[in-house]
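> Next up is a structure, given as structure tokens.
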Amino acid sequence: MTVLKGHGVEKIPWNGVLISVQPRIRLGRSFDQRAHTYLGYTLRVRGRIEREDREFLLGVGEGAHAKHHFRAGDTVSGDALPVADPRLETAEFYKASNLKVSEREVEEETEPPPWRGIPPPLAVYRERGHRRLAARTYEGKCTSCMWGCEMAVEMIIDQWNPSKRRYRTETFCYGPRSCLFYHSGPTRKVPGRHGMSYTEEDWIDDEATAHRGPDE
């Protein structure tokens, strides 16, 4: 239970085993324009939080990942806060502190996909570019892969009235173009003013990843 203390909020202790570590990126859309905000990493944890045993998503900053080199199989603990605006985050908790990796599991190497190990710096994701990934494929095959990413999406519906916004989540793949699990799913539509919409066609993904070979 979150406990109020004066003007602040007491952080919630948590602990568990990391199921995956993926980039934590927010996507802003305005009709045919898009912009990414690189926030850090999302830890998918199977453990205990708020006196409950369950699976949960926790956002950490890039500095924390650079220090601890999080990867699937790590046993980790710390304190965190509930996110202030769930529309802007796919994680449930963030602003983690007192982070400790108490145990690091030595995993046997398995043939990818999925790709596991220590995710690279966010600059690598930015340079690689992404393709849209079907939500069903992400949920079924890609939640443990370091190249998978579920983004919180904030859409400005009317450029002349930026207060008109909508929110959703979208899934993307930063992995090799030859991945056997990959499935793009349907094209995505972005709503605009006066009932208009923009369809993000396949060439956007092709252009974003054209600098990479099929196995890169």
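> For the range 172-185, check the following and say yes or no: at least one residue is open to solvent by 70 Å² or more (accessible area, probe 1.4 Å) and either among the basic types (K, R) or in contact with a strand residue (DSSP E or B) (Cβ under 7 Å, 6 or more places away or on another chain) (or both).
Quick first cut of the range 172-185, residues open to solvent by 70 Å² or more (accessible area, probe 1.4 Å) only: 177, 180, 183.
If we keep only those that are either among the basic types (K, R) or in contact with a strand residue (DSSP E or B) (Cβ under 7 Å, 6 or more places away or on another chain) (or both) too, we end up with 177.
Yes, there is a match, as at least one residue in the range 172-185 is open to solvent by 70 Å² or more (accessible area, probe 1.4 Å) and either among the basic types (K, R) or in contact with a strand residue (DSSP E or B) (Cβ under 7 Å, 6 or more places away or on another chain) (or both).
> Residues that are more than 16 Å from the chain's Cα centre (by Cα) and open to solvent by less than 40 Å² (accessible area, probe 1.4 Å): does the range 54-63 have at least one?
Looking through the range 54-63, none of the residues is more than 16 Å from the chain's Cα centre (by Cα) and open to solvent by less than 40 Å² (accessible area, probe 1.4 Å).
> Another one. Among (1) modelled with pLDDT of 95 or more; (2) touching a helix residue (DSSP H, G or I) at 6+ places or on another chain (Cβ under 9 Å); (3) open to solvent by 80 Å² or more (accessible area, probe 1.4 Å), where does E216 come up short?
It fails just one condition, (1).
> Right, something else. Return the total of residues in the range 116-136 being touching a Cys at 6+ places or on another chain (Cβ under 6 Å) and exposed (fewer than 15 other Cβ atoms within 10 Å of the Cβ).
Adding up the residues that qualify gives 0.
> For the range 17-40, what are the residues that are of a type outside the set (V, I, T) and either assigned to a loop (DSSP other than H, G, I, E, B) or closer than 12 Å to A72 by Cβ (or both)?
Residues satisfying the conditions are L18, S20, Q22, F31, D32.
> Could you tell me which of the residues A96, A91, A80 is part of a loop (DSSP other than H, G, I, E, B), buried (at least 18 other Cβ atoms within 10 Å of the Cβ) and either in contact (Cβ under 8 Å) with a residue 60 or more places away in the chain or among the small types (G, A, S) (or both)?
Among A96, A91, A80, only A91 is part of a loop (DSSP other than H, G, I, E, B), buried (at least 18 other Cβ atoms within 10 Å of the Cβ) and either in contact (Cβ under 8 Å) with a residue 60 or more places away in the chain or among the small types (G, A, S) (or both).
> Hey, another quick one. Output the residue which, of all residues in the range 25-40 that are crowded, with 18+ Cβ neighbours inside 10 Å and in contact with a helix residue (DSSP H, G or I) (Cβ under 9 Å, 6 or more places away or on another chain), is nearest to Y138 (Cα to Cα).
I25
> Same structure, new question: Output yes when any residue across the range 159-176 is touching a residue at least 24 places away in the same chain (Cβ under 8 Å), over 13 Å from the mean Cα position of the chain (by Cα) and closer than 30 Å to V17 by Cβ, and no when none is.
yes
> Can I ask one more? Regarding A91, is this residue modelled with pLDDT of 95 or more and over 21 Å from E170 (Cβ atoms)?
No: the conditions fail for A91.
The values are calculated or read from the model by the stated rules, or taken from the named source; none is laboratory data. Since the model is a prediction, treat every value here as computed from it, not as a measurement. Please note: Cβ atoms are built from the backbone with ideal geometry, for glycine as well, and neighbour counts cover all protein chains shown. Surface areas here come from the heavy atoms of the whole protein model, side chains and all, with no ligands, DNA or RNA. Shrake-Rupley method; radii C 1.70, N 1.55, O 1.52, S 1.80 Å.
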